[in-house]
Amino acid sequence: MENQSSSRQFVFIFRFFSGLRSVKNGIWNPQGVPAIYKLLEHAARQGKESTVLLFCKTPRESAEIRRVMEHRINALSAITFVIIPFYSLTGVLRIDALVTNFIHSIIAVWRVYKLRPSLVYCDRAHLGLGAIFAWGTHFKVVVRMLGVARLGELYERCRNAILHPIQYFAIRAPFSYVICSKDGSPVSYVLKAFLNKKVPHVMLLNGVDEISRADVDHILHDPVRILFVGRLDSDKGCLEFIEALRLMRERRTSVRFTVTMVGTGVLEGEVKSRLARYGLNGAVILAGHASHSETQRFYNNSDIYVSLNTLGNLSNTVLEALVAGICTIVLKGDRIVDTDTDELLPEDIVLRVDRMRIAEDLAVKIADLLNHPERIQECARRTKVLSNTILESWKSRIAREWTLLENICRN
């Protein structure tokens, strides 16, 4: 009976990302990456015995993890969490990273062979490990990519076959399935160009929490409220956003407005410096880190949402803005990035900014909206209608993925 029970297990292999840090204390309080934590919650509700291997990939991730830790959490009683540290053995980061990856691989192989699961589910950080299982074992392996960001650049350069052979060739492995988030990053391009042609794959738009909003016909605030949500780093366009505000100030935009920026990151100091230098401290509120529920309140109390993510603009933050019914501005797609965004979100509903001249074009777009407030309300109304058409709840979205995983196990 014990072997039969083990054979029905799922093994999830993830990086120990910040959203699951509470697990180290035996507490379930996930933050961010709902595609992962909501899937685990669904597995627990289904009573699916599972093991989640969480690997620390940097010394920082392993700061409080000195040994392998195992936890069972009351809220997810069917799941065993195993946290594996980063091994700082030599003090030389590059050498320690190589040693750690080797040890992690040994631990993962040992755990999987011991459990003999019906499914191994790996994130993108463990693509190479998933390839080992796909090539060298009979286990069914599903790779879960939360977008591809700059992954295509790795495969476009032939020299990476020598410099990074495991990562370079791993995507050619005979996986049972590849599931990828449709987040605006060049998912279609990477999967069509580099994935093993025999491997089935699917691209899934993330779900949304159902947000009830009393004012279906959006009531404009006075002054108009502009919202930016995202990490304060170069990929998210936070500095371009500040530059657009500077241009609007220099051109003496007549309509009053306030700005809230939600998020923290490596450029936080530079953002504060520029706000002070441009005399924008009075107009811009830096809200810092906010919980999911707090962020939703920001959506519900804003008039214009801006996303300048150069890696893709179908992220959770954009989808949540859409379902909240806010006039939304995103970057226009290029040859491979945001092609899905341009297909899903009509340009006359969700406004676009030229990614080659972001600050200049954004300043013009926002100023035009401020001078024609009826357009903000019309965009908000049509955005709400659009979201009801193209988005689904996380409950429905996760149930679809779970059904797919069960079908993979049966076939």
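The values are calculated or read from the model by the stated rules, or taken from the named source; none is laboratory data. All values derive from a computational prediction rather than experimental measurement. We place every Cβ from the backbone using ideal geometry, glycine too, and count neighbours over all the protein chains shown.
Tabulated values for the structure
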read-out	value
Close pairs from region 162-174: first not assigned by TED's automatic domain parsing to the domain that holds GLY152, partner among the charged types (D, E, K, R), Cβ under 6 Å, at least 6 apart	none
Wholly within region 52-158, strands (runs of 3 or more DSSP E) carrying at least 3 residues that are within 22 Å of GLU401 (Cβ to Cβ) and in contact (Cβ under 8 Å) with a residue 60 or more places away in the chain	119-123
Selected residue (criterion: surrounded by the fewest Cβ atoms within 10 Å (Cβ to Cβ)) from residues of region 43-91 that are within 19 Å of SER118 (Cβ to Cβ) and hydroxyl-bearing (Ser, Thr, Tyr)	THR80
Of residues in region 326-354 being touching a residue at least 40 places away in the same chain (Cβ under 8 Å) and more than 21 Å from the chain's Cα centre (by Cα), the one surrounded by the most Cβ atoms within 10 Å (Cβ to Cβ)	CYS327
Conditions (1) among the acidic types (Asp, Glu); (2) in the same structural domain as SER50 (by TED's automatic domain parsing); (3) under 21 Å from ASN313 (Cβ atoms): number failed by GLU401	(3)
Strands (runs of 3 or more DSSP E) contained in region 172-267 and holding at least 3 residues at pLDDT below 95, closer than 30 Å to SER18 by Cα and of a type in the set (Lys, Arg)	none
In region 384-395, the residues that are assigned to a helix (DSSP H, G or I) and out of contact with any Asp or Glu (no Cβ under 7 Å at 6 or more places or on another chain)	LYS384, VAL385, LEU386, SER387, ASN388, THR389, ILE390, LYS395
Only listed residue being among the acidic types (Asp, Glu) and touching a helix residue (DSSP H, G or I) at 6+ places or on another chain (Cβ under 9 Å), chosen from GLU70, GLU61	GLU61
Candidates TYR113, TYR121 - the one that is surrounded by fewer than 16 Cβ atoms within 10 Å (Cβ to Cβ) and either touching a Gly at 6+ places or on another chain (Cβ under 6 Å) or of a type outside the set (Gly, Ala, Ser) (or both)	TYR113
Number of positions in region 25-41 that are assigned to a helix (DSSP H, G or I) and surrounded by fewer than 17 Cβ atoms within 10 Å (Cβ to Cβ)	1
Filter result for the condition that a residue is crowded, with 21+ Cβ neighbours inside 10 Å and touching a Phe, Trp or Tyr at 6+ places or on another chain (Cβ under 8 Å), over ALA321, ALA380, ALA363	ALA321
Test: residue in region 252-262 that is at positive phi, in the same structural domain as VAL353 (by TED's automatic domain parsing) and basic (Lys, Arg)	yes
Selection count where residues are surrounded by 15 or more Cβ atoms within 10 Å (Cβ to Cβ) and in contact (Cβ under 8 Å) with a residue 60 or more places away in the chain, scope region 247-289	5
Filtered residues of region 285-298 (kept if part of a helix (DSSP H, G or I) and at pLDDT 95 or above)	PHE298
